[in-house]
Amino acid sequence: MAQNVRVHTLIAAAQQKRWVDRLLLWLLVLLVIGAMVGAAIRLRQNLAAEYLKVVLESERIALDLDRELELQAYSLAALGAMGDSVLNGTLRLMENPVRRLVPAPGKDGYTAVIPPDFGPPERHGNITGLGPIPGPDTLAAREMNMAVSLTPVMRAIKSRNPDIPWVYYTSASGFMFLYPRVPVEAFFHSRALEQTPYYQGALPPANPARSIFWTPLYEDAAGQGQMVTVGRPVYQGQRFLGVLSIDIGVRTLLRHVTFHAVPHSTLYLYDATGKVMLNPDGQAPAIDPTRQSAGEPVPFNGQRVTAFRLPTAGWQLVVQTDHRAMVLNALLKTSFHIATVLLFLVSLVLIVLLSRSVRKVRRLSIRDALTGLYNRRHFEEVARIEWARSRRHELWLGLMLVDVDFFKKYNDHYGHPMGDSALQDVAGAMRQALRRATDGLFRVGGEEFAVLVELRYPSDLGPLADKLNAAVRALARPHAPSPHGVLTVSIGTTLIGPGQWVDVETAYKCADEALYQAKESGRDKNVCLAPH
């Protein structure tokens, strides 16, 4: 009997152990499934992160290159404006350049001589022309006067970027002024140059708007290799005189394209017609980059091709990424994660990571990347909550809209990087001026900010706006195009409280109208309007 009881006890214990083993097995299976699911999720995240690096680095390259092109276009515009002033008689050289022209030996034309007291010849340009030497009072003489007067500006352009081969003026009168100076033996003007893209693109039939234009890639006649040219037509009234040009060599383009490394990618540059300008491996994607949307990859023979537009010249930066290499790289990163998951209970880790990702995405979605302030989306959320709370508790709220004065002129004068820095300084100054926990500062537009404050007394709103205005002026950041000389802001304010409750949209429109009045009355002012 005792023996039977013992057997039954052993059987029961064995059955219980098998049940525990099955439970552990199921837990192990679930853990493996969870690890596999986690690995798959992590692989996708790693792959997405790798492609995000490609997009971010490519966007940085495109922005850097476009800013360089934009700078050259601005430089050419400045050259053109100065040249127009010379042609109109506003500026004039002390000496007529025609007096320094001499016949060119062995050439059917003339060139210029640099007097010894003018300094080293390489600091000057050279005139080479066809036919007889023009008279001192001819239109060609006035054009030469204009071209020579631009030498200091041309020198500055060349000094800033030594990779720029030439800055020059080509006249329809049959001469060219080329900076820096090149010996006559190495280069002499010819009528054949009038068939080149940099000249043809300036002619009235090709450019009736007289706008700045960019040429396709071509071979330089003076032996500097392949380059592109940005040109600006020169007119006197309705008469076409010639074209001012800045050459940009392939070395300059390569420097900007290769400055940042893009993982597992090859970069190509296409002009506005879809012609390849930079082709590092000789196997450019056979696609039309003008039909690509910026940042949206498309498959191409096992590759991912993404195009980024350069608006200044209408070019495209095309990035071809090796998808297989990206997947392999993501797998290598994922394998370490799988091992970690198996050791430290991947399910819990994934929950924590997912929670953190959600919070991070939430933080990123409500923050402005440049200034670190809350963005307009968060402003609209906070404003509705504060509106409801203030109305429920009979509190006063102040809404201020702040706009940086003449900011477009600031960007045009100092450049976009300095503009970004100015916005960061303005945001920092206002953040320091608003120290209360109930004060909210938001960036709601390019150079526009919103301030939402809880007030004890309605009369506190005006002094607070003055404090913000003074904080920005105290930066003493120079702003040459502004009549105030320094960076300033205009502020429009409105007050919401007991007896004058309106919705958020109405209050915002009222503050915007006050801001408009502040700017119309001279800027660097504060204007308050009651909601209506």
Of the conditions (1) within 22 Å of Ala272 (Cβ to Cβ); (2) exposed (fewer than 14 other Cβ atoms within 10 Å of the Cβ); (3) modelled with pLDDT under 90, the single one that Ile164 does not satisfy is (2)
Candidate set: region 484-509, residues that are at negative phi and free of Cβ contacts under 8 Å to residues at least 24 places away in the same chain; chosen: the one surrounded by the fewest Cβ atoms within 10 Å (Cβ to Cβ): Glu505
Would you pick out the residues in region 114-135 that are without any contact (Cβ under 8 Å) to a residue 60 or more places away in the chain, under 15 Å from Arg99 (Cα atoms), of a type outside the set (S, T, N, Q) and surrounded by 14 or more Cβ atoms within 10 Å (Cβ to Cβ)? Ile127, Ile133, Pro134
Would you point out which residue out of Ala261, Ala186 is under 21 Å from His124 (Cβ atoms), surrounded by fewer than 17 Cβ atoms within 10 Å (Cβ to Cβ) and touching a residue at least 12 places away in the same chain (Cβ under 8 Å)? Ala186
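Results for (1) of a type outside the set (D, E, K, R); (2) surrounded by fewer than 18 Cβ atoms within 10 Å (Cβ to Cβ); (3) assigned by TED's automatic domain parsing to the domain that holds Ala476; (4) within 18 Å of Val451 (Cβ to Cβ), shown as yes or no for each residue.
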{"residue": "Glu381", "(1), (2), (3), (4)": "no, yes, yes, yes"}
{"residue": "Leu397", "(1), (2), (3), (4)": "yes, no, yes, yes"}
{"residue": "Val402", "(1), (2), (3), (4)": "yes, no, yes, yes"}
{"residue": "Phe406", "(1), (2), (3), (4)": "yes, no, yes, no"}
{"residue": "Tyr410", "(1), (2), (3), (4)": "yes, no, yes, no"}
Leu455 meets each of (1) surrounded by 15 or more Cβ atoms within 10 Å (Cβ to Cβ); (2) without any contact (Cβ under 8 Å) to a residue 24 or more places away in the chain with one exception, condition (2)
How do the helices (runs of 4 or more DSSP H) wholly within region 372-438 filter down when requiring 2 or more residues that are within 23 Å of Val472 (Cβ to Cβ), under 20 Å from the mean Cα position of the chain (by Cα) and without any contact (Cβ under 8 Å) to a residue 24 or more places away in the chain: which remain? 407-414, 416-433
Give me the strands (runs of 3 or more DSSP E) completely within region 53-157, filtered to those with at least 1 residues that are under 37 Å from the mean Cα position of the chain (by Cα), ordered by residue number. 126-130
Return a yes/no flag: does region 255-269 have any residue that is assigned to a loop (DSSP other than H, G, I, E, B) and at pLDDT below 75. yes
Quickly run through region 29-59 and pick out the residues that are among the acidic types (Asp, Glu) and either at pLDDT 85 or above or more than 24 Å from Val305 (Cα to Cα) (or both). Glu57, Glu59
Criterion (out of contact with any Cys (no Cβ under 8 Å at 6 or more places or on another chain), among the hydrophobic types (A, V, I, L, M, F, W, C) and under 21 Å from Val228 (Cα atoms)) met by exactly one of Met82, Met154: Met154
Among Thr252, Thr215, which is crowded, with 17+ Cβ neighbours inside 10 Å, among the polar types (S, T, N, Q) and modelled with pLDDT under 80? Thr252
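The values are calculated or read from the model by the stated rules, or taken from the named source; none is laboratory data. Bear in mind that the values here come from a model prediction, so they are computed numbers and not experimental data. Positions of Cβ are backbone-derived with ideal geometry, glycine not excepted, and every protein chain shown enters the neighbour counts.
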